[in-house]
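K.L.:
Got a structure for you, questions after.
The values are calculated or read from the model by the stated rules, or taken from the named source; none is laboratory data. On a predicted model such as this, the values are computed, not experimentally measured, just so you know. Because the Cβ atoms are built from the backbone with ideal geometry, glycine has one as well, and the counts that use them run over all protein chains shown.
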Ligand code: ATP
């Protein structure tokens, strides 16, 4: 449904803007630096990354609000933008792209009613493409019902709650039945509770309507909950692309492991390898794990493991499972739905998160068990 290939977009940097005339120096900021990805029909694809990594610029380029330096953008097989060396640039205007957009500041039209806000994008269509009055009323009614706003159709838009206003912004984007919906941090202006409930609502809607969407966020939980695929961006590049579970359980770099959730990092060296089965040496003994990374024996690596993939037990399971270390609990923290134990193993400490019914007093000797499928190898930065 969406193909983005080798997208590049740069801006004049600060220095250039301040001293442009004086030096003429080129100081370009590459907001998007050779980004490629494909979004399949019905998918919710998320661009996730810290502030300034190029998410919004990528989305705005797809929307036609930013003119890329080069690359290809296609929706449903139709080129919306194409700029390749030696070829004439093709760029369809934002209006003609006909994509649905919802941004952080939801910019509803305050002087209009809920109904009129949603009807407006249809009413301003060119003659010939504009539906009749009755069809507009039908389509608006349908979208308002989906968004559970039908009872509020006559109300002035400003007299809605924050969550209702955001649903209205979505309704307005959906009424044009866009082939692609672009969402830029649409929940970030809402309080935490509302954000969480709308997150699930958005997921349900996206599933029910099967609408292909590109979602921009710096909120990892939002990305994990909502997406069918996640692209983690850093400095204008996609550094990992995969299903939420893959990204979470098998981060390909320390950056991804740190940006998404918390991780334990254990320095190690590859000591043996058979295909995807690795044995790595750490200061406290060997670990067995599975990894698709292609690393030679002798390479220095970091083993990353999520706290919830570490088991702490009073009972040894040596012989049953491959990775078990002896340690001593140094701290324990009750988190409500879970309990964290920090266990000292030799020269490092490892964090484990588990069921709150298992709470072990600091000072207790325990066994730490690490699931080989949940250990991932990341390069040493
Ligand atoms: P955020 O989460 O803060 O919105 P982002 O990941 O969406 O960040 P972008 O807004 O795409 O990041 O910005 C990427 C880089 O491009 C940043 O360094 C930003 O300062 C720069 N940039 C974006 N728009 C412009 C512009 N119009 N002029 C100059 N630089 C820009």
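K.L.:
Just name the residue that is farthest from the ligand (Cβ to nearest atom) out of those in region 48-65 that are part of a loop (DSSP other than H, G, I, E, B) and in contact with a helix residue (DSSP H, G or I) (Cβ under 8 Å, 6 or more places away or on another chain).
P.N.:
64
K.L.:
Filter region 357-378 down to the residues that are under 16 Å from residue 316 (Cα atoms) and part of a strand (DSSP E or B) and list them by number. Outline the logic, then answer.
P.N.:
Filtering region 357-378 down to residues under 16 Å from residue 316 (Cα atoms) leaves 358, 360, 364-371.
The answer is 365, 366, 367, 368, 369, 370.
K.L.:
Within region 324-339, track down each residue that is surrounded by fewer than 19 Cβ atoms within 10 Å (Cβ to Cβ), assigned to a strand (DSSP E or B) and free of Cβ contacts under 8 Å to residues at least 40 places away in the same chain.
P.N.:
Listed by number, the residues that qualify are 328, 330, 331, 332, 333, 334.
K.L.:
Report yes if some residue within region 104-111 is closer than 19 Å to residue 39 by Cα, crowded, with 16+ Cβ neighbours inside 10 Å, within 16 Å of the ligand (Cβ to nearest atom) and touching a residue at least 40 places away in the same chain (Cβ under 8 Å); otherwise report no.
P.N.:
No, every residue in region 104-111 fails to be closer than 19 Å to residue 39 by Cα, crowded, with 16+ Cβ neighbours inside 10 Å, within 16 Å of the ligand (Cβ to nearest atom) and touching a residue at least 40 places away in the same chain (Cβ under 8 Å).
K.L.:
Here's something else I'd like to know. Kindly evaluate residue 75 against the criterion of being closer than 28 Å to residue 150 by Cα and surrounded by 18 or more Cβ atoms within 10 Å (Cβ to Cβ). Working first, answer last.
P.N.:
Values: closer than 28 Å to residue 150 by Cα: no; surrounded by 18 or more Cβ atoms within 10 Å (Cβ to Cβ): yes.
So residue 75 fails the test.
K.L.:
Regarding region 73-89, can at least one residue be identified that is at pLDDT 95 or above, within 16 Å of the ligand (Cβ to nearest atom) and in contact with a strand residue (DSSP E or B) (Cβ under 6 Å, 6 or more places away or on another chain)?
P.N.:
yes
K.L.:
Right, something else. Only one residue in 94, 25 is under 30 Å from residue 224 (Cα atoms), modelled with pLDDT under 95, within 16 Å of the ligand (Cβ to nearest atom) and over 23 Å from the mean Cα position of the chain (by Cα), so which one is that?
P.N.:
Working: 25 fails: under 30 Å from residue 224 (Cα atoms).
Unique residue meeting the criteria: 94.
K.L.:
So which residues in region 146-174 are closer than 11 Å to residue 113 by Cβ and either part of a helix (DSSP H, G or I) or touching a strand residue (DSSP E or B) at 6+ places or on another chain (Cβ under 9 Å) (or both)?
P.N.:
Scanning region 146-174 gives 152, 153, 154, 155, 156, 157, 158, 159, 168.
K.L.:
Residue 236 passes all but one of (1) surrounded by 20 or more Cβ atoms within 10 Å (Cβ to Cβ); (2) over 26 Å from residue 76 (Cα atoms); (3) within 13 Å of the ligand (Cβ to nearest atom); which number fails?
P.N.:
If we test residue 236 against (1) surrounded by 20 or more Cβ atoms within 10 Å (Cβ to Cβ); (2) over 26 Å from residue 76 (Cα atoms); (3) within 13 Å of the ligand (Cβ to nearest atom), just (2) comes out false.
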